[in-house]
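Novice: A single structure is presented below for examination.
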Amino acid sequence: PAHAAPGGDKEVVVHLFQWRWESVAAECESTLGPNGFGAVQVSPPQEHVVLQGEGYPWWQDYQPVSYSLDDTRRGTRADFVDMVDRCEDAGVRIYVDAVLNHMTGSGSVDSGPGSAGSDYTKYDYPGIYQSRDFHDCRRDISDWNDKWEVQNCELVGLSDLDTSSEYVRDRLAGYLNELIGIGVAGFRYDAAKHVPLADVQAINSRLDDVDAAWGGGRPYVFQEVIGDQTIAPGEYVPAGDVTEFQYHRDISNAFKNGDIAHLTGLGGNLVDGEQAVVFVANHDTQRSHPTLTHTDGDRYDLAQAFMLAHPYGTPKIMSSYAWSGSNDTGPPMGSDGETRATDCADARWVCEHREVAGMVGFRNAVDGTSIGDVATGSSGQLAFARGDRGHAAFNATGGAWSRTFDTDLPDGTYCDVANGTFVDGECDGPSYTVSGGSFSAQVPADGAVALHVAAQGEGTG
Ligand code: ARE
Ligand code: CA
């Protein structure tokens, strides 16, 4: 295929939204590598607009000024390279959020300099693009039922690149190949449905193979496609994986409403799981459609844990910063708009991926098995086995769920990785004993219990 599958039995992605490069590197070493995460989605690394007058919003990143990695709010090119190297040493891939559809928009500031000092005005990026490299429809997309408009006009006023041009394709692929040369293993294509499928494929065909450390094959590509009546998510499957927003809607509503007993089969109308990237919330939905987000606490963590236990799709865990007031509010930053280093002990960095870190090992250990031994209690309670490799129970109600579960797990003592981690043979959560094909557990209110064969031993929690 034109794109690789995500890393074998280590496919879990965490989006460390807005994290500094040095903080990502430290997290790879301390938490992501030891717990078996496969990859980090990092925020866009190219030079971006700097909007001091608007308080340095988070979305500066999505307005590229150039493809220089020299200086973003998250660090220097050297910091970025160091991050890729250190994460690689920890066994964790970097997936870059790649903005291909557009450059800057009109707004309070529509001219330079950008974060790395480059001059620009909308439609003119010296040495990179000039007016002829943009589509002629220089107005906002107004009719979202018109596919031509969606792909040729401007998404919220962002200058729309003429991706049918060989020059533009070469320039975009040049940027992505520079990242591959540094050791980046894959990409999220931002706003992919605003780029015609053939243009995405033409860019893909120009990409180099990834670093030998990652097997030397094709880069992993997943495309942000919010499927609708005009462009279905399945349309982009020939060019890579796609984000499955219907899964996000189904799962976040089910957990919000405490109506999860039916979720083993999921709903219909989803893209084939081999091609779907799934998530409970992402950086857009947590602002525009906040059905279930980090502000929902345990219930949201439970939904992310379920996603990791269920076999459908490639799971992407969100890691957020807290904000109040405007949805434009950027991450914790200095007065110059530089993002601060992440500190998970500081409540402004939610770090919710750490709440489900133990479940990543569950996902990895049960790879290739299917669902069995389904048990339900009330409509808010669901348990299932993953072959004879794992067993998990989810309780989206306000009271504990006590029962004995039939299981195919071999006899033994298992670490509860829904309430602790299992690293280097150490279980810091509770443990349960399986004997003669069953185990008894009290599943906490708004909590889970999860056991798997790669995490056996007495717990300390
Ligand atoms: C900002 C300002 C705007 C201003 C613009 C240009 O907010 O007011 O006009 O700058 O000056 C992010 C932010 C935007 C921000 C932009 C650029 O969310 O607010 O604009 O960065 O700085 C559609 C697309 C989908 C897209 C969503 C947001 O199809 O691809 O809109 N998502 C990605 C990213 C975003 C990012 C961009 C794209 C742009 O994830 O974070 O924007 O790079 C229906 C449709 C969907 C549509 C959805 C929402 O569901 O089917 O297609 O998604 O509604 O409108
Ligand atoms: Ca376009």
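Novice: Could you work out how far the C-alpha centroid of the stretch 1-50 sits from that of the stretch 54-125, in angstrom?
Specialist: Taking the Cα centre of each part, the stretch 1-50 and the stretch 54-125 sit 16 Å apart.
Novice: Compute the Cα gyration tensor for the stretch 371-452, then decide on rounded, prolate or oblate, letting a ≥ b ≥ c be the square roots of its eigenvalues: rounded whenever a/c is under 1.5, prolate when a/b is larger than b/c in the other cases, and oblate in all that remain. Don't skip to the answer; put the middle values down first.
Specialist: Working: a/c = 1.87, a/b = 1.22, b/c = 1.54.
Since a/c reaches 1.5 but b/c is at least a/b, the shape of the stretch 371-452 is classed as oblate.
Novice: Need one number: % antiparallel among DSSP beta bridges in the chain, to the nearest 5. Before the final figure, lay out each step's value.
Specialist: On the way: 41 of 69 bridges.
Roughly 60 percent of the DSSP beta bridges within the chain come out antiparallel.
Novice: Hey, another quick one. For the stretch 216-221, in order, what is each residue's ³J(HN,Hα) by Karplus, 6.51 cos²θ - 1.76 cosθ + 1.60 with θ = phi - 60°, in whole Hz (x at glycine and Pro)?
Specialist: The phi angles translate into x, x, 5, x, 7, 10 Hz.
Novice: If you average the C-alpha positions of the stretch 287-308 and of the stretch 244-281 separately, how far apart do those two centres end up, in angstrom?
Specialist: Rounded to whole Å, the Cα centres lie 12 Å apart.
Novice: About the Cα centre of the chain, what is the dipole size in debye to 20, counting +1 per Lys and Arg Cβ and -1 per Asp and Glu Cβ, all else neutral?
Specialist: Values: 30 positive and 68 negative charges, 115 e Å.
In total the dipole reaches around 560 debye.
Novice: Related question: Put +1 on the Cβ of every Lys and Arg and -1 on every Asp and Glu Cβ in the stretch 174-295; which of Gly240, Gly186, Thr291 then has its Cα farthest towards the positive end of the dipole?
Specialist: Positive-most Cα among the choices belongs to Thr291.
Novice: A further question on this structure: Per DSSP H run of at least 4 residues, take -39500 (n - 2.57); add these up for the chain, divide by its residues and hand me the 222 nm value, nearest 500 deg cm²/dmol.
Specialist: Numbers: 9 runs with 89 residues, N = 461.
Result for the chain, helices only: -5500 deg cm²/dmol.
Novice: Can you give the FRET efficiency for Glu274 and Asp208, using 1/(1 + (r/R0)^6), R0 = 25 Å, r = Cβ-Cβ distance, to the nearest 0.05? Could you put the intermediate results ahead of the total?
Specialist: Values: r = 24 Å, r/R0 = 0.96.
It comes out at approximately 0.55.
Novice: Follow-up question, since we're still on this one. Specify which residue in the list Ala441, Thr413, Trp401 is farthest towards the positive end of the charge dipole of the stretch 371-452, using unit charges on the beta carbon of Lys, Arg (+1) and Asp, Glu (-1), about the Cα centre.
Specialist: The residue sitting farthest along the positive end of the dipole is Trp401.
Novice: Roughly what would the spin-label model give for Asp346 and Glu235, points 7 Å off Cα along C-beta, in nm?
Specialist: In this crude label model, Asp346 to Glu235 measures out at 4.3 nm.
Novice: Within the chain, how many Lys pairs that are eight or more residues apart, or on different chains, come under 20 Å at the alpha-carbon? Please report the intermediate quantities before stating the final value.
Specialist: Working: Lys10/Lys316; Lys147/Lys193; Lys193/Lys316; Lys256/Lys316.
Summing the qualifying lysine pairs gives 4.
Novice: If you project the alpha carbons of the chain onto the principal axes, what extent comes out on each, in Å, largest first?
Specialist: Principal extents (largest minus smallest coordinate, Cα): 72, 45, 42 Å.
Laboratory data are not the source of any read-out in this text; all were calculated from the coordinates shown. Just so we're clear, the structure is a prediction, and the values are computed from it rather than from any experiment. Note that each Cβ is placed from the backbone with ideal geometry, even for glycine, and that neighbours are counted across all protein chains shown.
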